[in-house]
Every structure is written in C-alpha cells, then in structure tokens.
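Inspection log for the structure reproduced underneath, given as structure tokens.
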Amino acid sequence: MKLLNISLLILFVLIASSCNNPKDSKKEIKIGSKKFTESVIIGEIVSQLAESSGADVKYRKELGGTRVLWNALLNGDIDIYPEYTGTITQEIFSSKEINNQRELKEELLEYRIGISQPLGFNNTYALGMKRDNADKLGIKTISQLREHPELKFGFSSEFVNRGDGWPSLKGAYRLPQKNVQGLDHDLAYRGLESGHIDMIDLYSTDAEIPYYDLKILEDDLKHFEDYYAVLLYRKDLENKNPKALKTILKLEQNISEQKMVQMNASVKIDGISEKTVASNYLKETHRVNTTPVHESFLSRLYHNTLQHLFLVVISLSAAIIVSIPLGIFAYQNQKVGHLVLGVVGIIQTLPSLVLLVFMIPFFGIGTVPAIVALFLYSLLPIVRNTYSGLKDIPRDIRESGEALGLTPFAQFRLIEIPLASRSILSGIKTSAVINVGTATLGALIGAGGYGQPILSGIRLDNMALILEGAIPAAVLALLIQGLFDLSERVIVPKGLRLEEGKH
Amino acid sequence: MINLLNISKDYGENHAVKSIDLTIETAKTTVLIGPSGCGKSTILRIIIGLITPERGEVHIEGDTLTSDNLILLRRKMGYVIQEGGLFPNLTAQGNVSLMASYLDWDKKRIQKRIDELCDLTKFPKDALTRYPIQISGGQRQRLSLMRALMLDPDMLLLDEPLGALDPLIRSELQNDLKEIFSSLCKTVVMVTHDIGEAAFFGDKIVLIKEGSIIQEGKIYDLAKKPADPFVTTFINAQRTHLESVGDI
C-alpha cells in the first residue's frame, strides 16, 4: 500500500510539472517537420523567423511521416509545416484529380489549410552519376542513357518499386539497361564511389551531391513529378498571428536548389547543427539576426529523461490500475475472460509503430496519444500474469481457505492475491521493460523522450546522438527492473520466495 | 450429528455419488473407506460445502447446509487434507492463526490457543516462525491439524491425512491422532483407503464402492458379516495390514 502511495505521488508531481506551462497557447505558433534533415532545417528556419517576429514558438521536429503531420495540422496540434507539392497530390490527395496549383489551393481550402508559394527548390527524384564518368561518356540528359546499355544502375528499393520510379521511367525513356539492383541508399553511394555502380537514384537536393561530386541528369522528358517545397498552414493562423505568418512567408521563392543542397550538406556532412545552419541562412538572405540557443548535453538529457519518465510512469501506472482488475475479472469469469485475454493479446500483436499512428486521429500528436498507445501495449503481460497467477493456485490450497470458513473476499485478499503476487509483479516488470523501450518510438509522434536523440542520430548517421538516447533508455529499463526486484522483497511473501531457493 | 439425505453428485456421465443416506454420530469417529474413485472424498467435500450435490440435503447439527449458512457452518468444522493444504505465503503461526485473526481474536487469546495446540499435537514451538516449505511432512500434518482445531470446532473432517507420510512417521501420527480424538470428543469423519487405519480409528466404518454405500458398521461386522462379496474382497486385499492391527 505504501508503495502505491509513493507511486501515486510521483504521478501527481509529474502531471503537475508537465502542466506547468504559463504561456498562452493561443498566441503560440506550433511548427512541425518531418523526420528527415531537409524538413528539419526548413522547420528550424520557419521557427527562427516566427520568433524574430515576436511570436512564441513551439517547434516539434522529426514527427514521423506525411500522415502524422497532415493529421496534426488538421487537428491543430501544429499550425504550419514544410511539405512538397508532389507529396500533397500523390499521397495526401492521392484519390483526387488535381491538375494545377489553383486546384490544389482550392482543395486545401476545403480543409481550411493554406499553402504558400513554392519556397524555390524542387526536391524531386533524379538520376545521378559521377561527374567525371558522365563527362567522359558525354551524358547530360536521361534520354542519352539509351546509348549506353552497359551502364550498371543501383536504385533504392523504394525507387525500384514505386509507380513513378524505375518501372515507368524505363518505359517513358525506353531505357535498355538490364543490370539494375535494388539496394540501400547509403550502400548505393559507396557502390558509386568504388565503381561497382554507374548510376543511382537520388533526391535533387541531397547533401551528398556536392560531396560525391555527382552530376544530375536532366529529366528532359519531364517524367518526374514536381516536388516543390511549400509551407502548409492552418488558415486560422492568418487571424491568429498575421504578423508571424507574413514574416514566415518571406521564404517564398527564396531558397534555391543549390542553397538547399548546401544547407543539407552543412548538417549531414559537416555536422553543423540545424539551428546554426538556419540562423546563418536567415542572416545572409534575410538580414534577420537570430541567436539559436543550443541546449547543453546535460540539459537535453534532463529534459529527455523527464519526458520519457512521464510517458512510462503515467502509461504504466494506468496499465497496472486497469490490468490487475481485468486479470482478476478474466479469472473469475472464465468465458468472458478468454475474450478479454484475446483482445489484449491482439493489441499486443500490432506493431508498436502502427499502434502509435492509430492514436493520431483520436488524440492528435504529442504526449497523450503516446501514453494511450503505451498504456494499451502494457496491458497484456499484466492481465495475463494476473490471470495465470490466480489460476495456477493449487486446488488444495484454495479449498483449504474455503474450508476454513473465510468469506470469498477474505479468501481472495488473504490467500489468493498474496499467492499470485509474484506472477502479477513479474507481469508488471515485463510491461515496464517493454514500455521503456517502446516509449522511444513516441518521439515519432512528438512525445519527445529518449527517442528524440535516437531519431536525430539515425537521420544524421551520428552514433553519439543515437547513444544519447539508447544508453539512458537501457539504463532506465535496468533501473526499473531493479526497482521491481527490490519491491518483490516487500510485496511477495517470504514463504514463496523461499520456495524458489529450495527447488 | 451430521446427516446426509439422499445425496447424489454427477460429474457429467460419471455418477460419483449415488443417492447416499448416511448418519455421522456426534463424538464418534466415522471412517469412509473404499477403493480410489469410489466417491469417499467427494462425500467429505460435500459435507464441508466444497462441492454442491445435484440432489439431497446435508444436515449439520440440525441445520440444512445452504449457501447462506455455509461460511458459518464451516467454522464449526476443521478440515485436514493429504498434503496439508497449508498456505505457503504464511508462517506456521500465520497458518494456524489466520482465521482467529480474521475473526479479531485478541493476540493473547490467539497465543494461548496456539500454545495449547502445540502441546496437543506435539508441534515444536520453535518451528512456528517457519514456513511450510521449511518443515517436514509429518510436522506439516500436525500443523494442518492445529489449523483445523484453532477455532475449537465440533467436527473434524480428515481426507487421507496420513496418506503422504512414510510408515514410521505415519504410525507415530496415527497414535497421536487417536489420542487427540479421544481426548477432545470431537465428531470425526476420516477418509482413508487403508482398512488397517480404518479399523484403528473407526467407531464406525462405511465401505463405499462406485458411489454407493456397501456396508456400514464396526470392523468386526464387516469382517464377519459381510453384506456383499466385495466387502470380503476389499478386506482380504489388505489382510496383512489388518493383521498387524490385531483387532480381529
């Protein structure tokens, strides 16, 4: 009981500290970005510009993919985020026929979403080869590839399979090359370097273009869809914070392809932070002086820890409070019980990422959907162990309690629960460890935590950043496990622990 | 006095107990005996309400056993089973005092009663702080008996209480049990499959086969005036044990 009180106390402190947000959320501009570097940089530029106009800014970087951001925008979890025209027509409105900018604008308006003018660069699919190789063969356009059937292509598996990728490109240009292999993008660059591959697919603003000195072949038949970068924003921003929006829209037609490639390279290859890159761009191009604040390692660790603990403690506590009675119910009503076990079992079979994304339509993005998903994910081990812990009590012990003349409730409280305690506790322990690990995925929907540095680290191929999230997550899992091992000494009756030593 | 009136219990197709009438006399030891699966344990479990019969009534000291008075009537009965059925999460003391604590006896009264029971059952007092897993099989049965006797019930129901013990400890406990029964004047119902044990304890022996009572009476009646050839077969099968008792 004492333990329960302490955990409830921790819960309240955490809730209180998370709610301690004095800023008026109406004036705040919430900016989002996808989880790849270019989007993060644009988001950073937008954030710093908005800040320079005097707005309070909340920047949620590295939210998962298009669906997550689009839903977050519709829900009002974010006000603005960078998107690509091709993605809007191909993914968001894939079932609709949209032929031009005007139709796109009108379609978006139906959702009360505004769209900026293009920011200036087109990040579309492109084919690239080593510059010296291309010059030697005299290749400038994709059409010219027809004359070189011996060339070896190494494409990302996505490009090999996409409708607008290799299959239709081959048809449109009548390309004769047979030697095409699908491989990881990073490996493709290495293959290019070593000469095993002559050509790869890439995005036209990839940081690697200058680094590997690649020549982009001209899409002379205009096969690839345009992927002009734009900003999507909620129309209500025009009334809520017109000044900030006006400042942000200064970016229209102001970021060239070359500039974007250079900024991507600064982050991905030179290891400069997105904040600094964004700040430099604003200084050079818009004469806006911003002073990006870089969080120290310890402060980041502290915040990530707090966020992570918040996710874990709330979701796990809720799961414990719900699962134990549910397990007891399942045990007492065997028929319905099997249904209960089946349902929580099915939840467990959903990939955790899918479960997180399922939550977005109901709860938006951020902490709440992450907690709900983690909560659902933590149910099964506790429900199952409560159920089996009770079910496995030997009949003669159960009947001895009954025969003494204990009431069913007293029997339950004095005999059955203590006997099932070890099994229940080990269920909670399993849930806790799964929870700590799964919570790292919460960063994908804007819940923060140890997943944030892991996401950035994967994106930037920066092992130190990955470890900044992975090590504390592992330590936390071990700590929680240790905590439960300790609490076992308090909760599980000594007589049951002796048994283990004896066998 | 316990009366069973026309009791039947089925497990699906299997008729475990078939329309049994049985009177168990106060302050006497009644032994239910028969081959495995004959229904003797089922009868005992019906008396203490662990099993509800399909038909028939159980009267305990004049009260009809129902789900309403079940809990109170159980507190007038002590129940001991083969492996003791001790609660592994509680110490010896905890097992014995569980019900008394639940009924809010004060500590002194509990301690006094436990001291008495330790003397009666010859359970070593220094083992009271141990857990069931830490004590021997014989001690576990003594402990189980203490637990059954804690509230000083009028009736004692024992289901193969000595079945899991080795012969030496078993014979020692047999003697102690008999002493306890006679000194306490309890109504005892004991289930066993051992005719020797039945003869040793039983004021009345009830021989059961396939859910029906074949014969009831003293061991002498069963041996000399068998109601059915099965009685003789059953006794003869365990003749050697019987002779060691030396009653016949």
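The values are calculated or read from the model by the stated rules, or taken from the named source; none is laboratory data. What you are looking at is a predicted structure, and each value in this text was computed from that prediction instead of being measured. Every residue, glycine as well, gets a Cβ built from its backbone with ideal geometry; the counts of neighbours run over all protein chains shown. Protein only, heavy atoms only, side chains kept; ligands, DNA and RNA dropped before computing areas. Shrake-Rupley method; radii C 1.70, N 1.55, O 1.52, S 1.80 Å.
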Study note, to complete from the structure: So, with points 7 Å from each Cα along the Cβ direction, the A:M463-A:L339 label distance in nm works out to 5.3
Review point. If you project the alpha carbons of segment A:297-502 onto the principal axes, what extent comes out on each, in Å, largest first?
Key: 66, 38, 21
Study note, to complete from the structure: Under a Gaussian network model of chain B whose springs join Cα atoms within less than 10 Å, the largest fluctuation of B:D166, B:D126, B:D194 belongs to B:D126
Check your understanding: What's the average, rounded to a whole number, of partner chain beta-carbon atoms within 10 Å of each residue's beta-carbon in A:388-400?
Key -> 4
Point to revise | A:S194-A:E284 pseudo-label distance in nm [points 7 Å out on the Cα-to-Cβ vector] | key: 3.5
Review point. Quick one: Debye curve from the C-alpha atoms of chain B, no solvent, what's log10 I(q)/I(0) at q = 0.08, 0.11, 0.13 Å⁻¹?
Key: -0.31, -0.59, -0.82
Point to revise | Cα-based helix-to-principal-axis angle, A:334-349 vs chain A, degrees rounded to 10 | key: 30
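Provide the percentage of antiparallel DSSP beta bridges, counting only those with both residues in segment A:125-216; round to the nearest 5.
DSSP beta bridges in segment A:125-216 are roughly 60 percent antiparallel.
B:Q215: net charge of surrounding residues, Cβ under 12 Å, Lys/Arg +1, Asp/Glu -1, itself excluded? Don't skip to the end; give the middle numbers.
Working: positive: B:K204, B:K209, B:K218, B:K224, B:K225; negative: B:E216, B:D221, B:D228.
Computed value for this residue: +2.
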Exercise for review: Mind checking which aspartates and glutamates have their Cα closer than 16 Å to the Cα of A:K27? Skip sequence neighbours fewer than 8 apart in that chain.
Suggested key: A:E51, A:D56, A:D77, A:D79, A:D236, A:E238
Check your understanding: If each Cα of the protein assembly as shown is one equal point scatterer, what is log10 of I(q)/I(0) from the Debye formula at q = 0.07, 0.11 Å⁻¹?
Key -> -0.69, -1.14
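Suppose we flag GluC sites (Glu not before Pro) only when DSSP calls them loop and at most 14 other Cβ atoms lie within 10 Å. Which is the longest uninterrupted stretch of chain B?
Between the exposed loop sites, the longest stretch runs B:62-248.
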Practice item. Determine the per residue accessible area of segment A:125-216 with all protein chains present and a 1.4 angstrom probe, expressed in square angstrom. Key: 48
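What's the total accessible area buried between chains A and B, using a 1.4 Å probe, rounded to the nearest 100 Å²? Provide the component values of the computation, followed by the final result.
Values: alone 24980 and 12020 Å², together 34780 Å².
The A and B chains share an interface burying roughly 2200 Å².
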Point to revise | Between helix A:395-404 and chain A: long-axis angle, C-alpha atoms, 0 to 90°, nearest 10 | key: 50
Check your understanding: Under a 1.4 angstrom probe, counting protein chains only, how are A:H286, B:H15 ranked by accessible area, largest first?
Key -> B:H15, A:H286
Check your understanding: Rounded to a whole number, what % of the accessible area of segment B:88-152 do carbon and sulfur atoms account for, probe 1.4 Å?
Key -> 48
**Study point:** Segment B:K76-B:E25, length gained on full extension (0.36 nm per residue, minus Cα span)
**Key:** 16.8 nm
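If you stretched the chain out fully between A:L486 and A:F362, how much longer would it get, using 0.36 nm times the residue separation minus the C-alpha to C-alpha distance? Let's see the in-between values first.
Working: separation 124, 0.36 × 124 = 44.64 nm, distance 3.79 nm.
Gain on stretching A:L486 to A:F362: 40.8 nm.
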**Study point:** All aspartates and glutamates inside 13 Å of B:K204 as judged from Cα atoms, apart from same-chain residues fewer than 8 positions distant
**Key:** B:E25, B:E216, B:D221
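With +1 on each Lys and Arg Cβ and -1 on each Asp and Glu Cβ, how big is the dipole of the protein assembly as shown about its Cα centre, in debye rounded to the nearest 20?
Working: 82 positive and 87 negative charges, 235 e Å.
Here the size comes out at about 1120 debye.
Over segment A:125-216, what portion of Cα pair distances is larger than 24 Å, expressed as a whole percent? Display every interim value, and only then the final one.
Working: 394 of 4186 pairs.
In whole percent, the long-distance tail amounts to 9.
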Check your understanding: Using helices alone, what [θ] at 222 nm do you get for chain B, with -39,500 (n - 2.57) per DSSP H run of 4 or more residues, divided over all residues and rounded to the nearest 500?
Key -> -11500 deg cm²/dmol
Exercise for review: Please give the helix A:451-460 orientation as an angle from the longest Cα principal axis of chain A, in degrees from 0 to 90, rounded to the nearest 10.
Suggested key: 30
Point to revise | Heavy atoms of A:V475: accessible area, 1.4 Å probe, square angstrom to 10 | key: 70
